1. Using only helices, what value at 222 nm comes out for the chain when you add -39,500 (n - 2.57) per DSSP H run of length 4 or more and divide by the total residues, to the nearest 500 deg cm²/dmol?
2. What is the packing order of peptides 168-179, 290-301, taking the mean over residues of other C-beta atoms within 10 Å and listing the highest first?
3. What is the fewest-to-most order of Ser183, Ser338, Ser38 by other Cβ atoms lying within 10 Å of their Cβ?
4. Whose amide H sits under 5 Å from the amide H of Asn205, counting only residues 5 or more places off or on another chain, with H placed in the peptide plane?
5. Give me the distance between the Cα centres of the range 364-407 and the range 282-345, rounded to whole Å.
6. Can you return the lysines within cross-link range of Lys157? Criterion is Cα-Cα under 17 Å, with same-chain partners fewer than 8 residues away left out.
7. Fewest Cβ neighbours within 10 Å first, please rank Lys7, Lys145 accordingly.
8. Within the range 172-238, report the GluC sites (Glu not before Pro) that DSSP leaves as loop and that have at most 16 other Cβ atoms within 10 Å.
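Readers should treat all values here as calculations from the given coordinates under stated rules, not as data from a laboratory. A quick note: this is a predicted structure, and the numbers were derived from the prediction, not measured. With ideal geometry, Cβ positions are generated from the backbone for all residues, glycine too; neighbour counts draw on all protein chains shown.
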Amino acid sequence: MAIIAAKFGGSSVADANQIRKVKSIIKGNPDRKYIVVSAPGKRCDDDTKITDLLYRLKSEKESGGSYAQTLGAISERFLGIEADLEVSAGIAGEMETIESEIEKDASEDYLASRGEYLAARLVAEFLGFDFVDAAGLVQFDEKGKLLSEETNEALRKELAGRENAVIPGFYGTMPDGGIKTFSRGGSDISGAIVARAVSANMYENWTDVSGILMTDPRIVENPKPIRHITYGELRELSYMGATVLHESAVFPARQADIPINIKNTNEPNHPGTIVSNTVKGENFAIISGIAGHKDFTFITITKPMMSEEVGILRKALAVLERHDVSIEHIPGGVDTFSIVVANRFLQGKADTIVKELRDELDLDSVEVTGDVAIIATVGNGMVRRKGVSAKLFTALYKAGINIRMIDQGSSEVNIIVGVDNSDFEAAIRAIYKAFAE
Ligand code: ADP
Ligand code: ASP
Ligand code: MG
């Protein structure tokens, strides 16, 4: 018998009606044994995610204001679902515990994790599955890095003896026992590590879109769905901004060679997207997708005869390392190179960094260009194929977009371009049109 680990995202558990759909999906295939859930998400556009309410709770407590209204809204949502599903999951008692923990100055991570914890309690009760807390099983080191082997072993042992289980996503514990969450959207990672621990044949990731689309549906209207994509391509796309799956969720699945199937809770018969090691035959496309991010800065360093100066790049990188700035790309020319960094790393530090670069590299000037967006066009089909970059640059030229940077990874599975922030959406539309229509 096959084993499926299935993760249901925020919109899939947003209310009792959605949770009924989840139940019918799970009961529709007895292989779906290990279930990971997010906290209830938005029920409609102007709704607030439970996780956001929990973060608000913490900041209200911190600022000394009243948090009663926010706590009330959270409580009301969970009690409402419990009543509607006609289960007894002990929500009222759990809410009392949370309230007393707030009074004892509970950490932000502890509070943020309660959305997943309560959702898992409710769903376990409704399905008649065991509830297995992620606390104590999903483990982080004191710096907050996931201890993946220890976690794998602990989850494997805990779940081996259980026919089925519901596990809350998004969090685990630190060595001192305190709760620690992943970054936002992290239940995708929890789902992948559970899939690996139970040696699942498939990791199903249930969300509110029928798979990964070639680009962000908020930028291009009705982008084509991707039927099949490799782990490597998805990793590039999610890192570069395709938010459908957390960028770190690919690793555990890839490590254990477990295919990921991204599916829609509201359209369960749609095949969605399969993510696996290789893609062959009719599904093989030149480009798989396009994703990007705004708000980068280019620090451009130019110096006559630079190409003959040994160690100049190392000196420049040392300055950035000293300021804890992570580097995105380093496109270069003969006597020039640029360092591309996300604006968020430079806040309050840009002037000092420029001064240190000038002094330590003995430069006349350093050019700084802010407000740049970077866009990745990703696809295994581009490898050794002629004319792909020409097509891409022509499309941008025809759309009147000025390209500020070009970088192609040595693996040839992506072409990165830098454009002004204000050209971001138009550039994505132009590239999409050139390759997908
Ligand atoms: P969940 O709560 O189920 O984890 P998310 O909101 O995290 O769901 O991810 C799904 C959303 O990702 C979609 O509703 C869509 O708006 C957004 N999205 C961004 N880029 C893409 C893409 N390339 N393909 C599909 N969805 C995308
Ligand atoms: N509930 C968390 C968030 O909103 C984690 C997740 O949904 O994956 O970020
Ligand atoms: Mg998500």
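1. Working: 14 runs with 166 residues, N = 437.
The helix-only estimate for the chain comes to -12000 deg cm²/dmol at 222 nm.
2. The most tightly packed comes first, giving 290-301, 168-179.
3. Numbers: Ser183 11, Ser338 23, Ser38 31.
Arranged by neighbour count, lowest to highest, Ser183, Ser338, Ser38 become Ser183, Ser338, Ser38.
4. HN-HN under 5 Å from Asn205: Lys7, Asn261, Ile262, Lys263.
5. 14
6. The qualifying lysines are Lys33.
7. The most exposed by this proxy come first: Lys145, Lys7.
8. Those satisfying the criteria are Glu221.
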